[in-house]
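Notes follow once the structure below has been shown.
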Amino acid sequence: MEPETSSRLVLLLTVMLLNLAVGALSTADNYSRSDFPLDFIFGSGTAAYQVEGAANEDGRTPSIWDTFAYAGYAHGENGDVACDGYHKYKEDVQLMVETGLDAYRFSISWSRLIPNGRGPVNPKGLQYYNNLINELIANGIQPHVTLHNFDFPQALEDEYEGWVSRDIIRDFTDYADVCFREFGDRVLYWTTVNEPNVFALGGYDQGNAPPRRCSAPFCAPSNSTKGNSTYEPYLVVHHILLAHSSAARLYKRKYKDQQHGFVGITVYTFGCSPLTNTEEDRVAAQRVRDFMVGWIMEPLMHGDYPISMKRNAGARIPAFTSHESEQVKGSSDFIGVIHYTNVIITDNSEVLNIKLRDYSTDMAAKIQGLDLLGNEEYPLTPWGLREELNKFKVLYGNPPLFVYENGQRTASNSSLHDLSRVKYLHGYIGATLDALRNGSNIKGYIAWSFMDVFELLDGYKSSFGLYYVDRDDPELKRYPKLSAKWYRQFLKDRSTYIVGGDIELKQEPSHVFVGHID
């Protein structure tokens, strides 16, 4: 076993022991809002293409997500109308006020703000985002803004193939500059790119997400005519890290002293466990985490990719120059943790004998339980989030964290009685509190999603929302689900009881427990 692998296993063993200690003191069934620090924020989120609609209005041009949807890869559905948040933002902000949100996480559509990807700013797009931010601020809700969420301008994709080209670093930095300049007097928290690990894997290896670049035999569901799955995922993340660090450096130099904000990035995570206690499966579980989380975090913390990735991918993974390494290292003021479920890992090292490999093959592991497609509900296993938050503390120097996406997927229907989502939120907020009490530097929890939106892979077939959107109603009326009512009661620090599948909401303040589940 290599020294790096041995030291990582020692650290992971330490984390496991800490988790056991925390588990013994777990208060997941016995907590309230007042158990969290006064400055801890609770909120919910959406993303531009998934909620705004108005895709062809007021100067907006297509993004790669439009192209992906129009090609039929999202069950033949699209975000042309979505939830019509573009026109209904005032109504939606009032729902946020009624729910008691401290914060709202949303993304900016690059192609709405700068239709050609570079050059002139679209006045209508600028007005919309100013209006939304002002409405949030006027109602005491903190905006948390993402600059890129799977919706790169199609114009730049057509011009130089987007994130595959180093040209993107310049254009993304210029786009970030516009956002910092126009909105930074009111926005304190900026995420540059949402879950670059999943974006690169889905969009440039497996081809099940925009811009659907991939190559045989790795494409899903069928072959693509462009892309190269063997090296493009690594190249794309490399350029994302360089673009992120460029934008972060620009903010610190040009805006930080006046605006006092923070620039971060998000990482998709899952609880990761070996199938057996064999050394092979334990090492494989750590290797999978290197590929998923270390891929982003190691450069941000140490200026280079994990050794296991460089060993398995070889020359296909780009190398940082010494200047780039220093630029990327320490470039994130905070990390947004995205977490939904857990996976089981089995070693599969024999695939490393295959000459033609992609990112997924390079991991050399079989992953069970990572179901990104379909509408099955996620298992209720909050320990996975707690473990991941503790790992960030132990492995990465305890950086400031936000749980930026966490929520329960259900089939999309008109039922407002989403008890499984209530139980999910209750468990995972409790896991966040456990990690916080164990010393993790967690600053907030943002539930995904505020309402039922257009999902990337499922279209409107699955649902994560606290609010149901009636798509048969021309006005797209919103209705609070049980989860919205539970969240509202929790945020108001009032008791909620769930007994026998029914919820009883009480009005008296509760400093003993919230969300007791029988």
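Please work out the FRET efficiency for the pair K254 and E161, using the Cβ-Cβ distance as r and a Förster radius of 25 Å; give the result to the nearest 0.05.
0.30
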In the chain, taking the dipole from +1 charges on Lys and Arg beta carbons and -1 charges on Asp and Glu beta carbons about the Cα centre, the listed residue (L250, M309, S273) farthest towards the positive end is L250
Using the Karplus equation 6.51 cos²θ - 1.76 cosθ + 1.60 (θ = phi - 60°), what ³J(HN,Hα) coupling, rounded to whole Hz, does each residue of segment 85-92 give in order, writing x for Gly and Pro?
-> x, 4, 9, 10, 4, 5, 4, 5
Which of [x] 89, 64, 38; [y] 63, 58, 56; [z] 62, 56, 48 is the computed Cα extents along the principal axes in Å for the structure on display?
-> [z]
The chain: calculated mean residue ellipticity at 222 nm from DSSP helix runs of at least 4, using -39500 (n - 2.57) = -12000 deg cm²/dmol
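What is the sum of charges, Lys and Arg at +1 and Asp and Glu at -1, for the other residues whose Cβ falls under 12 Å from the Cβ of D151?
Working: positive: R60, R112; negative: E52, D66, E157.
After counting each charged neighbour, the total is -1.
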For peptides 126-132, 439-445, 321-327, sequence by mean Cβ density within 10 Å, most packed first = 439-445, 126-132, 321-327
What is the distance, in nm, between label points placed 7 Å from the Cα along the Cα-to-Cβ direction at N348 and at K90?
-> 5.3
What whole number of Å gives the distance from the Cα centroid of segment 313-360 to the Cα centroid of segment 59-114?
-> 30
What distance in nm separates the simple spin-label points at E376 and A319, each placed 7 Å from Cα in the Cβ direction?
-> 4.3
State the extension gain, in nm to one decimal, for the chain segment bounded by K461 and S415, taking 0.36 nm per residue of separation less the distance between their alpha-carbons.
-> 15.2 nm
Across K310/K391; K393/K423; K256/K485; K252/K492, pairs whose alpha-carbon gap is larger than 30 Å | K256/K485; K252/K492
Charge sum, other residues only, whose C-beta stays under 10 Å from V51's C-beta, Lys/Arg counted +1 and Asp/Glu -1 = -3
Going by average Cβ neighbours within 10 Å, how do the peptides 231-240, 163-172 rank, with the highest at the top?
-> 231-240, 163-172
Rounded to the nearest 0.05, FRET efficiency between A220 and E326 (Cβ-Cβ, R0 45 Å) equals 0.75
Please state the relative contact order of the chain as a whole percent: Cα pairs under 8 Å, 6+ residues apart?
-> 18
Built amide H within the under 5 Å cut-off of R494, gap 5+ = S510
Just checking the chain: which Cys have no other cysteine's beta-carbon under 4.7 Å?
-> C83, C179, C272
Using mean Cβ contacts within 10 Å as the protection proxy, how do 275-285, 99-109 order, highest first?
-> 99-109, 275-285
Could you give the dipole magnitude of the chain about its Cα centre, charging the beta-carbon of Lys and Arg +1 and that of Asp and Glu -1, in debye to the nearest 20?
-> 900
Which distance in nm do the two modelled labels at K492 and H302 give, with both placed 7 Å along the Cα-to-Cβ direction?
-> 5.0
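Bear in mind these aren't lab numbers, they're just calculated from the coordinates by the rules spelled out. Quantities reported herein were computed from a predicted structural model and do not represent experimental measurements. Cβ sites come from the backbone with ideal geometry, for glycine too, and all protein chains shown count toward neighbours.
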